[in-house]
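The values are calculated or read from the model by the stated rules, or taken from the named source; none is laboratory data. Note that this is a predicted model, so its numbers are computed, not measured. Virtual Cβ from ideal backbone geometry, glycine too; neighbours counted across all protein chains shown. Accessible surface areas use protein heavy atoms only, side chains included; no ligands, DNA or RNA. Shrake-Rupley method; radii C 1.70, N 1.55, O 1.52, S 1.80 Å.
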Amino acid sequence: MTLEASAVSKTFGKHKALDDVSVTIREGELVALLGPSGGGKTTLLRVLAGLESPDAGQVRLRGQEVTRSGPHARGVGFVFQHYALFREMTVFENVAFGLRVKPRGERPSEAVIQKRVHELLALVQLEGLAGRHPDQLSGGQRQRVALARALAVEPKILLLDEPFGALDAKVRKELRGWLRRLHDELHVTTVLVTHDQEEAFEIADRVLVIHEGRIHQDGTPDALLTRPASPFVADFVSESAIVHGTVRGSGVIALDEVASLEAPVGARVALKKVHIGR
Amino acid sequence: MSVGAATRARLASPRLPGFGVSLGVTLAVVGSLVIVPLLALVVVVARAPSAHVWDVLSADRTLAAYGLSFGAAALAALLSTPLGLGIAWTLVRYELPARRLWDALVDLPFAMPTAVSGIALTQLWGPSGAFGRWLAPLGLEVAFTRAGVVLALIFVSLPFVVRTVQPVIESFPRETEEAAASLGADRLTTFRRVILPALRPALVSGATLGFARAIGEYGSVVFIAGNVPFRTEIAPLLVLVRLEEYDYAGAAAVATGMLVASAAILVILSRRGALRHG
């Protein structure tokens, strides 16, 4: 299920959110759009979803142009940063919503809806909470409901906008690993927006670094770390750590041992700035 | 949820600074403006011969006036609710030309002397008025009928619905609507199943306020109603009629009856509203 955006531009007032951007998302991939806030990654995701229409450029799904069609027509499931759950409905009804609003001919029977919703709630590990309302859940639970709700209509592509951005660090880390395992299980093509490079590197197969409406680099987490394409990427993705050392002789710097730097043996380290003092 | 509980706990805390002062001010204002006058009313009724009070209250003319006042107010509130929702929705969601002007116009019934609006309505809907002229050949009359009473009450209750619902529509998150669209719901389904349930509490309280206002409305009604006893005479007018006959006890009895009935209805409505949220 290839999803393609070609030469897409989008301007809000005077702000150029996307400037001639082209991306291809391939079947079964988990891609992260990474960049600082305001860089255009959410706009790109919304254009891919059909929630925003670009000023210029095209969006194609499996080669067919879908630039002007809405998210449902594209078979896209969307998960919002602030969950966007239906507050007046129970968890069960939230998840069932997409099935219940299907046109009469395609709508599954009540028994099928019951079964499907319970399967999804089991998948997101919220089986016991079907009768609760969203405001009785924690942030992490709400986001899992939102994910189950999006998965209920069996989207061909799952788009997630900063899905863990509103959660605290510990929950974020848990959900991250869980999302990766879910992806490995379901193989739904997934695009995730994040400003957290650790998050992008931990779960994505491929990372697109977006800044000021342009794609700065498109590569595997490994490629980004070892071969950053621009100073911006290098600065944005690299872990920063201060390593002290002593000049031993001409061209030789002996570094002190650093216990806190988490890097596998054999990893290459790039020195970006060297401050020389006594 | 925990935030709500924390806020409540803080508000209930006796150590809240200024609690004594604010309680004192509240009691003084409510006491002098509301409780004392109403108490005086009840005292007048209590001192009057009970047979006379009973005669006034059980008179057919009084019962007819009560029926009209409460019935027309209820009908006006019911009709104002969809109308007010439509106006509020239009004001919030569409880029109307001169939107601020339209917005300000909604408040006009609050500010205009009710007698002025009553006379204007009578002129428009009377047999030779701009609207009434077209209805007369069809055998329809508005002015000097119960329909005229309902019309005048819609005029005064409508702004309450608009002003209660408008902020809720404004703060309704766009993402929630986008979520519904991404799950395949069309605009109508989204409105009916997602937006309307969220607006329901505001609609109920707007209708309740409009109803309360309409029960006591006098100025705009007396011109258009024609004030025929048993047919188009509202209860507040009957109070005035009794006063002009120097029957103070009778006037107080009619007023007290309205008071008790209104209080009972408002308590029931607000309890039902509270239960839905409980």
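Summary of computed values
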quantity: Any pair with Cβ under 9 angstrom, 6 or more apart, that starts in the range B:41-65 at a residue that is open to solvent by less than 50 Å² (accessible area, probe 1.4 Å) and ends at one that is acidic (Asp, Glu); calculated: B:VAL56/B:ASP247; B:ALA64/B:GLU233; B:ALA65/B:GLU233
quantity: Unmet criterion (only one of (1) open to solvent by less than 60 Å² (accessible area, probe 1.4 Å); (2) under 16 Å from A:ALA84 (Cβ atoms)) for A:ARG142; calculated: (1)
quantity: Test for A:GLN143: is it closer than 17 Å to B:ALA179 by Cα and out of contact with any Cys (no Cβ under 8 Å at 6 or more places or on another chain); calculated: yes
quantity: Which numbered condition B:ALA214 fails, given (1) touching a Leu at 6+ places or on another chain (Cβ under 7 Å); (2) among the aliphatic types (A, V, I, L, M); (3) within 14 Å of another protein chain (Cβ to nearest Cβ); calculated: (3)
quantity: Scan of the range B:133-192 for residues that are buried (at least 17 other Cβ atoms within 10 Å of the Cβ), more than 14 Å from every other protein chain (Cβ to nearest Cβ) and under 30 Å from A:ALA96 (Cβ atoms), ordered by number; calculated: B:VAL165, B:ILE169
quantity: Conditions (1) within 14 Å of chain B (Cβ to nearest Cβ); (2) surrounded by 20 or more Cβ atoms within 10 Å (Cβ to Cβ); number of the one not met by A:HIS183; calculated: (1)
quantity: Lone qualifier among A:GLU110, A:GLU52, A:GLU106, A:GLU93 - being of a type in the set (Asp, Glu) and under 18 Å from the mean Cα position of the chain (by Cα); calculated: A:GLU52
quantity: The range B:97-115 - residue that is farther than 19 Å from B:PHE160 by Cβ and not basic (Lys, Arg) and, of those, surrounded by the fewest Cβ atoms within 10 Å (Cβ to Cβ); calculated: B:PRO97
quantity: Residue that is least open to solvent (accessible area, probe 1.4 Å), among those in the range A:86-96 that are within 9 Å of another protein chain (Cβ to nearest Cβ) and within 14 Å of B:ALA185 (Cβ to Cβ); calculated: A:PHE86
quantity: Selection status of A:GLY128, away from chain B (no Cβ under 11 Å) and part of a helix (DSSP H, G or I); calculated: yes
quantity: Residue list for the range A:186-203, restricted to those being within 18 Å of A:ARG144 (Cα to Cα) and either assigned to a strand (DSSP E or B) or open to solvent by less than 10 Å² (accessible area, probe 1.4 Å) (or both); calculated: A:THR189, A:THR190, A:VAL191, A:LEU192, A:VAL193, A:THR194, A:GLU199, A:ILE203
quantity: Counted residues, the range B:98-107 - those being in a helix (DSSP H, G or I) and touching a residue at least 24 places away in the same chain (Cβ under 8 Å); calculated: 1
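Results for (1) within 12 Å of chain B (Cβ to nearest Cβ); (2) within 25 Å of A:VAL191 (Cα to Cα); (3) in contact with a Ser or Thr (Cβ under 9 Å, 6 or more places away or on another chain); (4) assigned to a loop (DSSP other than H, G, I, E, B), shown as yes or no for each residue.
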position	(1), (2), (3), (4)
A:GLY98	yes, yes, yes, no
A:GLY105	no, no, no, yes
A:ALA111	no, no, no, no
A:LYS115	no, no, no, no
A:HIS118	no, no, no, no
A:ASP135	yes, no, no, no
A:GLN143	no, yes, no, no
A:ALA150	yes, yes, yes, no
A:LEU158	yes, yes, yes, no
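Per-residue answers, yes or no, for (1) of a type in the set (A, V, I, L, M, F, W, C); (2) part of a helix (DSSP H, G or I); (3) closer than 18 Å to B:SER262 by Cβ; (4) assigned by TED's automatic domain parsing to the domain that holds B:THR164:
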residue	(1), (2), (3), (4)
B:VAL43	yes, yes, no, no
B:LEU57	yes, yes, yes, yes
B:ALA64	yes, yes, yes, yes
B:LEU78	yes, yes, yes, yes
B:LEU85	yes, yes, no, yes
